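Q: Starting off with a structure, shown below.
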Amino acid sequence: MATMTMMAKRFVIAGLLCICTSIRPSIRPSIYPSTMSASKAAQNLARFATSSASTGNYKVLVIGGGTGGLAAANQVYNLFKSQGQTLASGDIAIVDSNPHHDYQPGWTVVGSGLATKEEFRRPLASLIPGHIAQVHGRAAAFEPHNNRVILEGGLRVGYDYLVVAPGLEIKYDKIKGLSSALADPSSSKVSTIYSYDTADKTFDLIKAHRGKGEAIFTQPFGPVKCAGAPQKIAYMADSYWKDVAKTPYHSTFVTGMPTMFGQPDYSKVLNTLRQEKGIDAAFNHNLVEVRGQTAVFEVLAGDNKGKKVEKQFGLLHVTPPMGAFEWIKKSPLADAAGWVDVDAGTLQHKKFENVFSLGDASSLPTSKTAAAITAEAPVLAHNLVHHMQTGQVGNAIYDGYASCPLFTGRGELLLAEFKYGLERKETFGSLVDQSKPNRAFYHLTKDIFPRTYFSKMTQGEWFGPRTIFPPQF
Ligand code: UQ1
């Protein structure tokens, strides 16, 4: 009977996964109600169209061709189109000098030896449709009072509306000795899945590890993108050594944070899971130096606060500290921590009404994940377009939805989903217990999401769980 129920649940989830991948969510008018007549809207648009795109003044300028930038640029374009007011080719531009776009959630899969890093890389230009321009440059400063962005090299680009989505900076240099240890391809036993360059080195090290010395997996104190990834790779390595290589090993998760995960329910589950797997842990221990095969940690809390602890390792997986880009930090757009200071609900800048932000660079007090973008981008697009058309920000409110699909081993994944206030907001919660790892979610994340990402999400045609339950703005 229990098996029957499990089979029925699996059947329902499999059905839902099919729906997820087969629905082509053409922007439904019900999601984006037109609030004014087309002619009125055209007049308002003309008010903002200060000069043609070819002179370098764009109606909507998007900083960053990453997950947030691509989703936002396309959703703004698609939204106008759905209202019968197609923007001219080049009215929207994306500023990015990167020749590539990487599906970064895939790097855990690469580090686990289950895919190559090339599978998750595309030429950036191939993801930017012809009607959206690409400015090949790197933003270096903002002049929001003049509606201008300054690029490296001094070029000034004007805009009517600005979307800031350049991501965050990985601060390798905050850990002494880390950069050189990572760069060393052979002798060093140090790697990270947080970089295209070393994601595959991670699996090389895991494969070569024969239990000689402790395997240490670190997480820094402070925000990092995909905050579950530091422990995901520990579980995937554990699973490889236990089930595939069948080698003896001893591994430890050493984190600068006080708990396994920010959301307390999932944190409890993950801590139990970690203990069951026999992975040791040290909390409030922040990696500060890598010296040969010695890792130095600073203790951040408790009786030993401020003390340094040294640990020898046979393998070290580092999650480097991360933070806002310095050029954003010193700009008028930044909050005290350097994030782009936007309203947590509307995604509009708190001081400059024609500036919006989403993703890792934003001050949104939620997890920095690709899944969060699925909920942020439609809110941003609706509110920005409404402002272009009426001079008032729209009424769409982001609830903080973010998700962390946590690989807990080969063939199992815990789908953590939550919103502001760390309240769980589970898509499949009425069908399955999302506080337990599940094989269907493993395949959804490993096999289906990457395809959905490149075919739909980067084109502004994917709304995550909202694809099934469309938002009502
Ligand atoms: C999602 O939509 C998505 O985009 C393709 C992901 O990949 C980056 C995700 O990891 C998650 C969790 C979602 C959310 C969607 C559902 C159906 C839970």
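The values are calculated or read from the model by the stated rules, or taken from the named source; none is laboratory data. The structure presented is a predicted model; accordingly, all values stated were derived computationally and were not measured. Glycine also receives a Cβ, built like all others from the backbone with ideal geometry; neighbour counts cover every protein chain displayed. Just the protein is used for accessible areas: all its heavy atoms, side chains included, with ligands, DNA and RNA removed. Shrake-Rupley method; radii C 1.70, N 1.55, O 1.52, S 1.80 Å.
Q: Tabulate in residue order the Karplus-calculated ³J(HN,Hα) for the stretch 131-138, using 6.51 cos²θ - 1.76 cosθ + 1.60 with θ = phi - 60°, rounded to whole Hz; enter x for Gly and Pro.
A: For the stretch 131-138, the Karplus-derived couplings read 7, 10, 7, 10, 9, 7, x, 10 Hz, x marking Gly and Pro.
Q: For a quick check of understanding: with a 1.4 angstrom probe and all protein chains in place, what accessible area in square angstrom does Val157 have, to the nearest ten?
A: The value for Val157 is about 10 Å².
Q: Oh, and also: Relative contact order for the chain: what percent, with Cα pairs under 8 Å and sequence separation of 6 or more?
A: Reported relative contact order: 18 percent.
Q: Using the charge dipole of the chain (Lys, Arg: +1 at Cβ; Asp, Glu: -1 at Cβ; taken about the Cα centre), state which of Ser251, Val393, Ser180 has its Cα farthest towards the positive end.
A: Ser251
Q: Lys/Arg Cβ at +1, Asp/Glu Cβ at -1, dipole of the chain taken about the Cα centre: which of Leu300, Tyr161, Ala93 is farthest positive-ward?
A: The residue sitting farthest along the positive end of the dipole is Leu300.
Q: If ligands, DNA and RNA are left out, what is the accessible area of His100 with a 1.4 Å probe, given in Å² to the nearest 10?
A: 70
Q: Still on this structure: Going by alpha carbons, how many degrees (0 to 90, nearest 10) lie between the helix axis of 38-48 and the longest principal axis of the chain?
A: Between the helix axis and the principal axis of the chain, the angle is about 80 degrees.
Q: What does the accessible area per residue of the stretch 340-460 come to in Å², with a 1.4 Å probe and no ligands, DNA or RNA counted?
A: On a per-residue basis, the stretch 340-460 sits at 31 Å².
Q: Collect residues whose amide H, placed 1.01 Å from N in the peptide plane, falls under 5 Å from the amide H of Tyr58; neighbours closer than 5 in sequence don't count.
A: Gly158, Tyr159, Asp160
Q: At 7 Å along the Cα-to-beta-carbon direction for both Asp265 and Asp243, put a label point, then send me their distance in nm to one decimal.
A: Once both label points are built, they end up 2.6 nm from each other.
Q: Please give the charge dipole size of the chain, origin at the Cα centre, charges +1 on K and R Cβ atoms and -1 on D and E Cβ atoms. Round to the nearest 20 debye.
A: I would put it at about 540 debye.
Q: Next question. Enter the angle in degrees (range 0 to 90, nearest 10) between the Cα long axis of helix 264-277 and the first principal axis of the Cα atoms of the chain, meaning the one along which they spread out most.
A: Around 30 degrees separate the two axes.
Q: Take the Cβ-Cβ distance between Ser187 and Thr272 as r, set R0 to 25 Å, and report the resulting FRET efficiency rounded to the nearest 0.05.
A: The pair Ser187/Thr272 has a calculated efficiency of 0.10.
Q: Could you list the residues of the stretch 105-143 with an amide nitrogen less than 15 Å from a label point located 7 Å from the Cα of Asp447 in the Cα-to-C-beta direction?
A: 114-115
Q: Averaged over all directions, how much area does the convex hull of the C-alpha atoms of the chain cover when projected, in nm²?
A: So the Cα hull casts an average projection of 22.5 nm².
Q: Would you mind checking the tilt of helix 196-208 against the longest principal axis of the Cα atoms of the chain, expressed as 0 to 90 degrees and rounded to 10?
A: Approximately 20 degrees, to the nearest ten.
Q: While we're looking at this one, here's another question. Determine the dipole magnitude for the stretch 171-320: charges of +1 sit on the beta-carbon of Lys and Arg, -1 on that of Asp and Glu, nothing else is charged, the reference point is the Cα centre, and the result goes in debye to the nearest 20.
A: 100
Q: Below 8 Å, C-alpha to C-alpha, sequence gap of six or more: please give me the relative contact order for the stretch 171-320 in percent.
A: This gives 32 percent for the stretch 171-320.
Q: So, one more: Run the accessible area of the chain with a 1.4 Å probe and give the carbon-and-sulfur part as a rounded percent.
A: 54
Q: State in Å² the accessible area per residue of the stretch 171-320; use a 1.4 Å probe, count heavy atoms of protein chains only, and round to the nearest integer.
A: Heavy-atom accessible area per residue stands at 42 Å².
Q: Solvent-accessible area of Thr252, probe 1.4 Å, all protein chains present, reported in Å² to the nearest ten, please.
A: So the heavy atoms of Thr252 present about 10 Å² to solvent.
Q: Further question on the same structure: Show Asp265, Asp184 ordered by accessible area, largest first, where the area counts protein heavy atoms only and the probe is 1.4 Å.
A: Final ranking, largest accessible area leading: Asp265, Asp184.
Q: Any idea which of Pro264, Ser331, His382 is furthest toward the positive side of the dipole for the chain, if Lys and Arg beta-carbons carry +1 and Asp and Glu beta-carbons -1?
A: Value computed over the given set: Pro264.
Q: Here is a further query. So, by mean Cβ neighbours within 10 angstrom, what's the order for 116-129, 288-301 with the highest one leading?
A: Descending packing order for the listed peptides: 288-301, 116-129.
Q: Then there is this: Where the only charges are on Cβ atoms (+1 Lys, Arg; -1 Asp, Glu), what is the dipole of the stretch 253-377 about its Cα centre, to the nearest 20 debye?
A: The calculated dipole for the stretch 253-377 is roughly 320 debye.
Q: How many angstrom lie between the C-alpha centres of the stretch 115-180 and the stretch 55-105?
A: 12
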